[in-house]
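Okay, so here's the structure we're looking at.
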Amino acid sequence: MSVITKQPVIKISPSADKVLAVLLLIIFSFQYSLRSNAQGFLKANGKQIVNEKGENVLLKGMGLGGWMLQEGYMLHIEKEGQQHKIRERITALMGEKETQEFYDTWLANFIQKIDIDSMHAWGFNSVRLPMHYNLYTLPVENEPVAGQNTWLTKGFALTDSLISWCKANHMYLVLDLHAAPGGQGNDLNISDADTSKPSLWASAANQQKTIALWKQLATRYANEPTVAGYDILNEPNFGFTDPIKDKNGTGEKINAPLKKLLMEITVAIRKADKKHLIIIEGNGWGNNYNGMLPTWDNNMVLSFHKYWNYNDLASIQHILDTRNKYNVPVWLGETGENSNVWFTEAIRLLERNNIGWAWWPLKKMGANNPLEIKSNLNYDGVANYLNGKGDKPKESNVYSGLLELATYAKLQSNTYHKEVIDAMMRQPFDAAAIPYKTHLIKDSSILNAVEYDMGRNGIAYYDNDTANYRVSGKPGTGNRGGVFRNDGVDIRKDPNLFESYHVSDIEDGEWLQFTIDVAKKGVYTLQLSVAATSANGNISLSEGTKTLAKNIMVPATGGWDNWQTISIKNVSLAAGKQTLKVLFVKGGFNLQSIQFFML
């Protein structure tokens, strides 16, 4: 454990989200007192990953998905979501020069030092870099001399900068080849695969370029302890034996081509680098290790990926059994894309079993990650057109929308989801509810419904549908509106009001808790802003064990966005901090806010 006393200077633009600005300053002033730092090269020691002191290291990281490799869903593009397809269509709309400007701006803004500084302050000790090979070398078909490799400066320069930022924060960096030459699977968006050209598995030239790239990376970073290891091929998903019925390789029994390539990459790396961990992933999106073990290197880690299943021991038993059988460390190299409830459950399960993790991703357009990239009207028009849902936008609007989006990719312009960090870092081992923000209650104060406490389901709030477990047979959505927060509570944006949100899709028995600080003891009238299409709703209020109001009927208001107020009179509140619970005895309405008037 190291103590860092010098606090970094964080500059935040005046246009930055106020909550983000304040929270970052608080975090940096408070959390920099104690920091768990990287301690030299990592290595495999039996079932553990250890540092040079022999101490167990539990990697807690984020993947930088969307930076070097964009997947369509991250940009709200549902149709033809491979990066090269997106780029082709953007080029057709505004030209090559302008498209290059967009991608250059995106790469410059998406990850900066402040992103890594912030991750460190939030409690992460590692970063996973999903690399696109085309930032490091030319595609085989574009090489001036067949069989030779042209090395590009862009990818290496970006990686060097990221290493320097991680080093400054005493964090580890995992290099992950996310898009290999030709593409390593049939889930095309993941690796930006182009089906008009030979895949990684159909081309000896693509395989040789992949091997050469890893040798180049290993040569460059052989003596850099900030690099934790080499995740040499992300989520291979290819049916070698039965490419028709098992195109993603989940049923493969031998995986011979995959093992052969991984072994050849290992040999190339070890010619340049004897020190770093080599991380391998099985077929079928990282989980099918049939025919691939035992390991062939004494400094190796097995990675697995976990999405949309239950967070019980059975969900990781396969990798625990593999760890025990082969006496090798395991690491959850990718997971996420779910609700805060799922995040908390997963991290508690993993850490209790000494499994480190890398969440996916740090930021994208969407609320189920720590940082959210904001859209803009011109970009919305571009996305709609690319999805086949709107008219072709003007070239000037395309340019404006995309460059504004690239500007919004900066952390200073992101929306910060502090409840996501709370669900990952505090809630797995702390069941208490804490305030989402300070609610000082005075005459005319307004309590926004979406600003309920942070904490686990059943403690800070209760919602019937909290996460998506579809792989285990229980599909769900968590927040059905998909905006503002990532808990189970359903939240939607008010269509007629700027940056206004409300709790929606309320069901029987659900509830919200608010930690409030009442400035003055007294009797209050509470006005609840509600909307409903029918008069079936019913609300009760309590403070601790004290009932404040019981079975208040919610009237029909003429629509889900037609807001009316209902008054609850003669509510006695003591002065000071207390918890206000809003129980939805009968659902079927929306709740926007509660306003307090002192009599």
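The values are calculated or read from the model by the stated rules, or taken from the named source; none is laboratory data. Note that the coordinates shown come from a computational prediction; the quantities given were computed from them, not determined experimentally. Cβ coordinates were reconstructed from backbone atoms using ideal geometry, including for glycine residues, and neighbour counts include every protein chain displayed.
Miscellaneous remarks
- Pairs meeting the criteria (first residue in the range 145-170 and on the phi < 0 side of the Ramachandran plot, second residue of a type outside the set (D, E, K, R) and assigned to a loop (DSSP other than H, G, I, E, B), beta carbons under 6 Å, at least 6 apart or on different chains) are THR150/LEU138; LEU152/TYR136; GLY155/TYR136; ILE163/THR226; CYS166/THR226; LYS167/THR226.
- A count restricted to the range 118-171 and to residues that are in contact with a strand residue (DSSP E or B) (Cβ under 9 Å, 6 or more places away or on another chain) and β-branched (Val, Ile, Thr) stands at 5.
- Apart from one condition, LYS437 fits all of (1) within 27 Å of GLY61 (Cα to Cα); (2) out of contact with any helix residue (DSSP H, G or I) (no Cβ under 8 Å at 6 or more places or on another chain); (3) of a type outside the set (Asp, Glu); the exception is (2).
- Filtering GLY284, GLY333, GLY291 for residues that are of a type outside the set (Ser, Thr, Tyr) and in a loop (DSSP other than H, G, I, E, B) leaves a single hit, GLY291.
- Filtering the range 181-220 to residues that are within 27 Å of the chain's Cα centre (by Cα) and under 30 Å from GLN39 (Cβ atoms) leaves TRP214, LEU217.
- When LEU162, LEU173, LEU158 are checked against the criterion of being assigned by TED's automatic domain parsing to the domain that holds TRP285, surrounded by 17 or more Cβ atoms within 10 Å (Cβ to Cβ) and in a strand (DSSP E or B), LEU173 stands alone in meeting it.
- Of everything in the range 443-485 that is surrounded by 16 or more Cβ atoms within 10 Å (Cβ to Cβ), modelled with pLDDT of 95 or more and among the hydroxyl-bearing types (Ser, Thr, Tyr), the residue that is farthest from ASP508 (Cα to Cα) is SER445.
- Helices (runs of 4 or more DSSP H) wholly inside the range 182-273 that include at least 3 residues being out of contact with any His (no Cβ under 9 Å at 6 or more places or on another chain): 204-221, 256-272
- Taking the numbered list (1) aliphatic (A, V, I, L, M); (2) crowded, with 16+ Cβ neighbours inside 10 Å; (3) free of Cβ contacts under 8 Å to residues at least 40 places away in the same chain in turn, VAL518 passes all entries but (3).
- For GLN112, the conditions (1) surrounded by 19 or more Cβ atoms within 10 Å (Cβ to Cβ); (2) closer than 20 Å to TYR408 by Cα; (3) among the polar types (S, T, N, Q) are fulfilled apart from (1).
- When the range 202-216 is limited to residues that are touching a residue at least 60 places away in the same chain (Cβ under 8 Å) and either basic (Lys, Arg) or crowded, with 20+ Cβ neighbours inside 10 Å (or both), the one that is farthest from ALA256 (Cα to Cα) turns out to be LEU213.
- Annotation note: of PRO361, PRO370, the sole residue that is in contact (Cβ under 8 Å) with a residue 60 or more places away in the chain, in contact with a His (Cβ under 7 Å, 6 or more places away or on another chain) and not aromatic (Phe, Trp, Tyr) is PRO370.
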